[in-house]
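Below is one structure, written out as structure tokens, with a few remarks after it.
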């Protein structure tokens, strides 16, 4: 006697398969989101590092007010916020560079701190 699968057995197999497919899809979605976040963080660190290098090479004495700018890194628009603060040494400033994804500067993707020495010849 040739016995096939019953409708109930097929429905149970399809339900198990559907649950497995949903689990795999959710895992892939999480992986893609984390990869995108990692890419933003990596590019943000590069953008902040570029800004720190630009400050050092320009030999500018950073003012203590907040400065904002916009950069393009690997085809992505990023928003930088730079803040300098005095230190115990009057010839040294602490510079904080934050990189954001959005112009409202709500979600920071990278943050870098550096110290800049007073260029020679600039009076205190």
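The values are calculated or read from the model by the stated rules, or taken from the named source; none is laboratory data. Note that this is a predicted model, so its numbers are computed, not measured. Glycine gets a Cβ as well: all are built from the backbone with ideal geometry, and neighbour counts include every protein chain shown.
Filter segment 69-81 down to the residues that are touching a strand residue (DSSP E or B) at 6+ places or on another chain (Cβ under 7 Å) and loosely packed, with under 15 Cβ neighbours inside 10 Å, then identify the one that is farthest from residue 49 (Cα to Cα). Talk me through it step by step, then tell me what you get.
Restricting attention to segment 69-81, the residues satisfying the condition of being touching a strand residue (DSSP E or B) at 6+ places or on another chain (Cβ under 7 Å) are 69-71, 77-81.
Filter again for loosely packed, with under 15 Cβ neighbours inside 10 Å, leaving 69-70, 77.
Working: 69: 14, 70: 14, 77: 16 Å.
Among those that are touching a strand residue (DSSP E or B) at 6+ places or on another chain (Cβ under 7 Å) and loosely packed, with under 15 Cβ neighbours inside 10 Å, it is 77.
Might you check whether a residue that is over 30 Å from residue 119 (Cβ atoms), in a strand (DSSP E or B), in contact (Cβ under 8 Å) with a residue 40 or more places away in the chain and touching a strand residue (DSSP E or B) at 6+ places or on another chain (Cβ under 7 Å) occurs anywhere in segment 30-40? Before you say what the answer is, go through the steps one by one.
Start the filter on segment 30-40 by keeping residues that are over 30 Å from residue 119 (Cβ atoms), which leaves 30-40.
Subsequent filtering for residues that are in a strand (DSSP E or B) retains none.
Among the residues of segment 30-40, not one is over 30 Å from residue 119 (Cβ atoms), in a strand (DSSP E or B), in contact (Cβ under 8 Å) with a residue 40 or more places away in the chain and touching a strand residue (DSSP E or B) at 6+ places or on another chain (Cβ under 7 Å), which makes the answer no.
If the requirement is being at pLDDT 95 or above and touching a helix residue (DSSP H, G or I) at 6+ places or on another chain (Cβ under 7 Å), which of these qualifies: 94, 101, 76, 82? I'd like the intermediate steps shown before the answer.
On the way: 94 fails: touching a helix residue (DSSP H, G or I) at 6+ places or on another chain (Cβ under 7 Å); 101 fails: at pLDDT 95 or above; 76 fails: at pLDDT 95 or above.
Criteria check complete, one pass: 82.
Are there any pairs with C-beta distances below 7 angstrom linking a residue in segment 59-81 that is touching a residue at least 40 places away in the same chain (Cβ under 8 Å) and on the phi < 0 side of the Ramachandran plot to a residue that is surrounded by 14 or more Cβ atoms within 10 Å (Cβ to Cβ) and assigned to a strand (DSSP E or B), with the two at least 6 apart or on different chains, and if so which?
Short answer, once both residue conditions are applied: 62/84; 62/93; 62/95; 62/116.
Being in a strand (DSSP E or B), more than 12 Å from residue 112 (Cα to Cα) and touching a strand residue (DSSP E or B) at 6+ places or on another chain (Cβ under 8 Å), is that true of even one residue in segment 87-99? Lay out the reasoning, then the answer.
Step one: of segment 87-99, the residues in a strand (DSSP E or B) are 92-99.
Next cut, more than 12 Å from residue 112 (Cα to Cα) only: 92-93.
If we keep only those that are touching a strand residue (DSSP E or B) at 6+ places or on another chain (Cβ under 8 Å) too, we end up with 92-93.
Looking through segment 87-99, at least one residue is in a strand (DSSP E or B), more than 12 Å from residue 112 (Cα to Cα) and touching a strand residue (DSSP E or B) at 6+ places or on another chain (Cβ under 8 Å).
What is the residue count in segment 55-69 for residues that are closer than 30 Å to residue 37 by Cβ and either part of a loop (DSSP other than H, G, I, E, B) or modelled with pLDDT of 95 or more (or both)?
Summing the residues that are closer than 30 Å to residue 37 by Cβ and either part of a loop (DSSP other than H, G, I, E, B) or modelled with pLDDT of 95 or more (or both) in segment 55-69 gives 2.
Looking only at segment 82-124, which residues are surrounded by 10 or more Cβ atoms within 10 Å (Cβ to Cβ), more than 16 Å from the chain's Cα centre (by Cα) and either touching a residue at least 40 places away in the same chain (Cβ under 8 Å) or at positive phi (or both)?
95, 114, 116, 118, 119, 122
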